Amino acid sequence: MKHLSIKDIARLAGVAPSTVSFVVNGKHQEMRISEEMVRHIQSIIKKTGYIPNRAAASLRTGKTHVIGLIVEDIANSFFASLAKSVEKAAAKVGYRVVYGSTENNDGRGNDLIQLLAKQVDGFLIAPSIGMKTSVQALKKSRKPLVLIDRYFPGEEIPFALVDNYAGVRKATECLIKKQKKQIAFVNIATEQVQMQERERAYVEALQQNGLFQKKLLLRLPYYQDKAQYEPRIHQFLRKHPEIDAMIFATNYLGMFGIKALKDLDIAIPKQVAVFSFDDTDLFRFSSPAISVISQPVQEIAGQAMRLLLEQMNSGAKKTESGEGVLVPPELILRNSV
């Protein structure tokens, strides 16, 4: 059976090959091709089973129409939702997405950048601290790049993420208004800017109200085996029975924290009120449902794609802008406070 070409599809559709190419590559809106014509061409593609030769198109245009998305853990509910939102936003403009997880391992993250650098037109990266040199090299090579969920302070690299400081500040002030005096914060011991901003918001809100106690700030090592967090939180709670509220800096810390509270028969919210950063189904359907600092994932993905497309579409005049977008978080109050 003969392999169909764009010219074959164009002949069947009664249009120029360039028109078919624009539809296949998602540029029909840019070229002002009517929706009726797009549907006509797409129906012929579907009926004939035509498969675009992406490799040939890449050689011809120098573009792969693929975006590389590198995150910490694609299995985490936040990053899974982020990936889905990025994929939808990319599909609208004719791009596909390839994924990779670093597991917060610098070497793995750097290897992913090296592996994908020649296969993608641009990167969205949630970098670990040790990926800074590789990210700087991408910038120097003028590869379109946007940091997502976190960034490197002082580097003029575009980024899109939630306003971490504002989210924890709101949650802490909410607990203070509810007359909580012994508010604990559980975080990861890391230099990552987003985690430092969350902790800074907690500390400053309590300091300004004369309530900060360093002993109620728990910093835990980053464990790849996340089950190790539960006994550490369990021990912390036994050591500080005076705690009347807790803020967990990540959703997985929140999950293990809730389990530790329940194992110790500490009632939520009667004895200890609870907030967690990031929402999950577990928090929504838990009993009681857990209050969260929610990240507007679709908006973060949309802003990141906008910044990336501005670079990819600017050709030889690629932007040098280090524009950063902080998306306002949403405080979702449930029965845990």
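For region 138-157, a residue qualifies if it is within 15 Å of Met312 (Cα to Cα), in contact with a Phe, Trp or Tyr (Cβ under 8 Å, 6 or more places away or on another chain) and in contact (Cβ under 8 Å) with a residue 40 or more places away in the chain, and the qualifying residues are Pro144, Leu145, Val146, Ile157. Hey, does region 217-235 have a residue that's closer than 29 Å to Ala89 by Cβ, free of Cβ contacts under 8 Å to residues at least 24 places away in the same chain and open to solvent by 40 Å² or more (accessible area, probe 1.4 Å)? For region 217-235, residues closer than 29 Å to Ala89 by Cβ, free of Cβ contacts under 8 Å to residues at least 24 places away in the same chain and open to solvent by 40 Å² or more (accessible area, probe 1.4 Å): absent.
Of all residues in region 299-316, those satisfying the criterion of being surrounded by 16 or more Cβ atoms within 10 Å (Cβ to Cβ) and of a type outside the set (Asp, Glu) are Ile300, Ala301, Gly302, Gln303, Ala304, Met305, Leu307, Leu308, Leu309, Gln311, Met312. Residues of region 271-296 that are modelled with pLDDT under 95 and of a type in the set (A, V, I, L, M): Leu282 alone.
Would you confirm whether any residue within region 241-252 is in contact (Cβ under 8 Å) with a residue 12 or more places away in the chain, charged (D, E, K, R) and open to solvent by less than 60 Å² (accessible area, probe 1.4 Å)? Within region 241-252, one or more residues are in contact (Cβ under 8 Å) with a residue 12 or more places away in the chain, charged (D, E, K, R) and open to solvent by less than 60 Å² (accessible area, probe 1.4 Å). Got a sec? Which helices (runs of 4 or more DSSP H) wholly within region 1-111 have at least 3 residues that are modelled with pLDDT of 90 or more and open to solvent by 60 Å² or more (accessible area, probe 1.4 Å)? In region 1-111, the matching helices (runs of 4 or more DSSP H) lie at 35-48, 77-91. Return the total of residues in region 149-186 being part of a strand (DSSP E or B), among the small types (Gly, Ala, Ser) and over 21 Å from Lys215 (Cα atoms). Number of matching residues: 1. The residue of region 214-244 that is nearest to Glu173 (Cα to Cα), among those that are in a loop (DSSP other than H, G, I, E, B) and touching a helix residue (DSSP H, G or I) at 6+ places or on another chain (Cβ under 8 Å), is Ile243. Here the condition is being open to solvent by less than 30 Å² (accessible area, probe 1.4 Å) and out of contact with any Cys (no Cβ under 9 Å at 6 or more places or on another chain); of Ser128, Ser141, it holds for Ser128 alone. Restricting the first member to region 277-291 and to residues that are in a strand (DSSP E or B), and the second to residues that are open to solvent by 20 Å² or more (accessible area, probe 1.4 Å) and of a type in the set (A, V, I, L, M), the beta-carbon pairs closer than 7 Å and six or more apart or on different chains are Ser291/Ile332; Ser291/Leu333; Ser291/Val337.
The values are calculated or read from the model by the stated rules, or taken from the named source; none is laboratory data. If you're wondering where the values come from, they're calculated on a predicted model, not measured in any experiment. Cβ atoms come from the backbone with ideal geometry, glycine included; neighbour counts cover every protein chain shown. With ligands, DNA and RNA removed, areas are computed over all heavy atoms of the protein, side chains included. Shrake-Rupley method; radii C 1.70, N 1.55, O 1.52, S 1.80 Å.
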